Amino acid sequence: MTANRNLLRMKYVRVIAALAERTGSSLDAALDRFYKSNTYALMRDGVSDLHCMRIPYLVDEILSE
């Protein structure tokens, strides 16, 4: 099952904001880190059901990469 593109984009925004807050970095730095992550690639390509996971879990995944 694939996620609705608009809902997925809104999730990206929340993940990026949470990533910036957790790391104390700027939104630009968090955006760059998010788009270079494997987690983003998996979400974008619909390879896994990561789009169903909670924001803190996704931030943890990105930080563990």
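The values are calculated or read from the model by the stated rules, or taken from the named source; none is laboratory data. From a predicted model like this one, the values you see are computed outputs, not experimental measurements. All Cβ positions, glycine included, derive from the backbone under ideal geometry; neighbour counts span all protein chains shown. To get the accessible areas, we keep the full protein, side chains included, count just its heavy atoms, and leave off ligands, DNA and RNA. Shrake-Rupley method; radii C 1.70, N 1.55, O 1.52, S 1.80 Å.
Data table
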quantity	calculated
Members of region 48-65 found to be part of a loop (DSSP other than H, G, I, E, B), small (Gly, Ala, Ser) and open to solvent by 60 Å² or more (accessible area, probe 1.4 Å), listed by number	none
Selection status of VAL15, among the hydrophobic types (A, V, I, L, M, F, W, C), touching a residue at least 24 places away in the same chain (Cβ under 8 Å) and either assigned to a helix (DSSP H, G or I) or out of contact with any helix residue (DSSP H, G or I) (no Cβ under 6 Å at 6 or more places or on another chain) (or both)	yes
Selected residue (criterion: farthest from VAL13 (Cα to Cα)) from residues of region 25-34 that are open to solvent by less than 60 Å² (accessible area, probe 1.4 Å) and in a helix (DSSP H, G or I)	ALA29
Of residues in region 7-17 being over 9 Å from the mean Cα position of the chain (by Cα) and open to solvent by less than 80 Å² (accessible area, probe 1.4 Å), the one modelled with the lowest pLDDT	LEU8
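Residues checked against (1) open to solvent by 30 Å² or more (accessible area, probe 1.4 Å); (2) at pLDDT 95 or above:
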residue	(1), (2)
ARG5	yes, no
LEU19	no, yes
THR23	yes, yes
LYS36	yes, yes
GLY46	yes, no
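One line per residue, one yes/no per condition, for (1) within 20 Å of ASN4 (Cβ to Cβ); (2) among the β-branched types (Val, Ile, Thr):
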residue	(1), (2)
ALA20	no, no
ASP32	no, no
ASN38	no, no
GLY46	yes, no
HIS51	yes, no
ILE62	no, yes
GLU65	no, no
